[in-house]
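The values are calculated or read from the model by the stated rules, or taken from the named source; none is laboratory data. Being a predicted model, the structure only gives us computed values, none of them experimental. Cβ sites come from the backbone with ideal geometry, for glycine too, and all protein chains shown count toward neighbours. Side chains are part of the model used for accessible areas, which takes the heavy atoms of the whole protein and leaves out ligands, DNA and RNA. Shrake-Rupley method; radii C 1.70, N 1.55, O 1.52, S 1.80 Å.
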Amino acid sequence: MRQNWPAQLWLVRHGQSQGNVARDAADEAGLHEIDIRVRDVDVPLSELGHQQASSTGHWFAALPVEERPEVILSSPYLRARQTAEAICGAGGLSGPSRLVIDERLREREFGIFDRLTRVGIQQKFPEEAAHRTKLGKFYHRPPGGESWADVILRLRSAMNTINLHYCDRRVLIVCHQVVVLCMRYILEELTEPDILKIDKQSEILNCGIVRYDFEPDASGVCVPKLEVWNHGAPLEAEGAPKTAEPDMMTGTR
């Protein structure tokens, strides 16, 4: 008995987005603002991002039918939806696929820091930048935005829904870098230093794959077990380059 957990939980970060590309260009040029004119929710995948998403879908499709995800949920942000749709289109799910959009899986909101590089934040909001440095990014909430702790609060609600609606099923979530890290914080009951250390070790790959299994231990207690972390094999298999830009519309992480 899994005590209302899924059988498996897959997490996939979206493919490279046009926002990732624009952010890199702004950082390289030392600009204060990222040159992209649409809302963060409307930022699409780059050409490479579409290739990465397709490769990931083919990787899932190559799994035995009984091991593929049965349910797919996505952030409402366009880059995540496009990635999820590519996975479905490639046959990455077992049985008929229905994409469920859940706004609780969305990217972290950046408030006044939106579209600003690190240099831009320091120049335009020096006091807020200093406050962030002092408080730390886990708890710092930019005006009009969210802290990591805020994201975790809504993700706990999303996990409760998943446990209720998809108990004993294989679930795939397509989301964003900070969401992947915050889900790990929740599932493994980590501390602030724990998750910041993991974050510092490496970026989450675009279309990087994470998998948790939920099998009872010897005492009958079901505890989430991390089996796959930040796996980039599907990109290697089809020759799509691996990328790992910060998953946000600012230069901060």
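Overview of results
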quantity	calculated
Rg/Rh for region 1-124, where both radii come from Cα atoms and Rh is the Kirkwood radius	1.07
Relative contact order (%) - criterion: Cα under 8 Å, at least six apart; region: the chain	32
Surface per residue (accessible, 1.4 Å probe) for the chain, Å²	44
0 to 90° range, to nearest 10: angle between helix 47-61 axis and the chain longest Cα axis	20
Calculated SAXS-style log₁₀ I(q)/I(0) at q = 0.16 Å⁻¹ - the chain, Debye, Cα scatterers	-1.18
Selection from Ile186, Leu172, Met159 lying farthest towards where the dipole of region 156-198 points positive, charges on Cβ	Leu172
Sequence ranges 158-170, 17-29, ranked by mean other-Cβ count within 10 angstrom, highest first	17-29, 158-170
Straight-distance crosslink candidates among aspartates and glutamates, where the alpha carbon sits under 14 Å from Lys242 and sequence neighbours closer than 8 are dropped	Glu47, Glu203
Accessible carbon and sulfur surface of region 74-215 relative to its total accessible area, %, 1.4 Å	49
Coil-residue chymotrypsin sites (Phe, Trp or Tyr not before Pro) of region 100-158, DSSP, other Cβ within 10 Å capped at 14	Tyr139
Candidate lysines for bridging to Lys124, where Cα separation is under 19 Å - those fewer than 8 sequence places away on the same chain excluded	Lys134, Lys137
Potential extension, Arg169-Asp217 segment - 0.36 nm per residue separation minus Cα distance	15.4 nm
Neighbourhood charge, 13 Å Cβ-Cβ cut-off, centred on Pro76 and excluding it, Lys, Arg +1 and Asp, Glu -1	-1
Only Lys, Arg (+1) and Asp, Glu (-1) charged, at Cβ; the chain dipole about Cα centre in debye	380
Folded to 0 to 90 degrees: helix 78-89 orientation relative to the chain principal axis, Cα	20
The chain: angle of helix 18-29 to the longest principal axis, Cα-based, in degrees nearest 10	40
